[in-house]
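Just so it is clear, none of the values below were taken in a lab; they were calculated from the coordinates. No experiment lies behind these values; they were computed from the predicted model shown. We place every Cβ from the backbone using ideal geometry, glycine too, and count neighbours over all the protein chains shown.
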Ligand code: TRP
């Protein structure tokens, strides 16, 4: 029986952190055996924001692949591939650009938030918004449909893009027949992961993240600076664990000492420094197997490249089949 297809992935713009892990990677690892799985390293999409920085994108392609492999994405079960090497994605993007209006693209909530950010950065005139940037959700629709993806495990910021894809698919199918599959977002059970500073989001650009590649020293330094209950001044002051980031991460890592931590904290029987030390130990225990795998792949880069090559070959085969179907439907299958 044909298995359903998963397609998901990330932009190669920097290392992945705990937010990525609990928001999406963990789920991909759990699901990969039950689906035909494709993981896209979206370098073309990364260029929409970093076209002046091609070295940064290039360097992070391999880094991202190593992040994937070190958390347990298994190349025997998942095809990890490079977006720019799949020309059907580029071709589909052009065809889909007729299926969406410019005003609809501006209304995409994720794009909107990004536009706001850009305006804050580059001034208020919107001049910095390129055609490529505005259109990246169209290219994401191509990423998804090029593989007949039906299931897409992603973080919640990607939901608007999935919705946009579904609209493009329906419009396309309405005009050209039932050609494309409609993908559905599958959200992780863990809601968005907060940053060490208590910010609602852990983010690369926010400087509040623990990276999957952080060493023990970095983890220790970061956790020591994590935000705790501001009303707790002395180590035996009672405090509220619900506003403490250290407690939040104890919960996230499912520390089996959790009830103790909570009552001790509330009664003023637990100092923050000791609590942080305990978290550092737990965090390192959690990260150690990931670090070990990373070390292996960093010492076997030729293996990483082989995995990427094979994943990309498989992806090309699949995407070319879908493209053939699409070209037939749009009647641009000349001389066949
Ligand atoms: N937009 C995603 C991000 O910013 C990356 C991405 C590109 C993606 N194409 C995709 C995610 C297709 C899921 C499916 O991280």
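Structure data summary
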item: Projected-area mean, the stretch 5-119, by convex hull of Cα positions, square nanometres; result: 8.4
item: Using alpha carbons only: equivalent-ellipsoid semi-axes of the stretch 87-141, gyration tensor based, whole Å; result: 23, 11, 9
item: P(r) tail fraction, the stretch 55-173 - alpha-carbon pairs more than 18 Å apart, %; result: 61
item: Gaussian network model of the chain, Cα within-10 Å springs - most flexible of 185, 113, 141; result: 113
item: The chain: relative contact order as a whole-number percent, Cα under 8 Å and 6+ apart; result: 23
item: Semi-axis lengths (Å, descending) of the ellipsoid that matches the C-alpha gyration tensor of the stretch 19-72; result: 25, 11, 10
item: Length-normalised contact order for the stretch 204-294 - Cα pairs under 8 Å, 6+ apart - percent; result: 34
item: 131, 247 arranged by Cβ crowding within 10 Å, fewest neighbours leading; result: 131, 247
item: Normalised convex hull volume, the stretch 204-294, alpha-carbon set, Å³ per residue; result: 92
item: Cα pair distances in the stretch 192-232, grouped into 10 Å bins until the bin that holds the longest one, percent each; result: 29, 53, 17, 1
item: 25 °C / 0.890 mPa s Stokes-Einstein diffusion coefficient of the stretch 57-112, Kirkwood radius on C-alpha pairs, µm²/s; result: 172
item: Angle between the chain longest axis and helix 109-122 axis [Cα atoms, degrees, rounded to 10]; result: 70
item: Percent of Cα pairs exceeding the 20 Å cut-off, where the set is the stretch 268-336; result: 65
item: The chain - Kirkwood radius from inverse mean 1/r over Cα pairs (Å); result: 21.7
item: In degrees, nearest ten, helix 258-267 long axis to first principal axis of the chain (Cα); result: 50
item: The stretch 1-139, relative contact order in percent, only Cα pairs under 8 angstrom and at least six apart counted; result: 26
item: Rounded FRET efficiency, nearest 0.05, which uses the C-beta distance separating residue 257 from residue 218 and R0 of 22 Å; result: 0.35
item: If the convex hull is drawn through the Cα atoms of the stretch 178-336, its volume per residue in Å³; result: 171
item: Cα-based equivalent ellipsoid of the stretch 104-242: semi-axis lengths in Å, sorted from largest, via gyration tensor; result: 39, 20, 14
item: Inter-centroid distance (Cα atoms) of the stretch 265-336 relative to the stretch 148-222, Å; result: 13
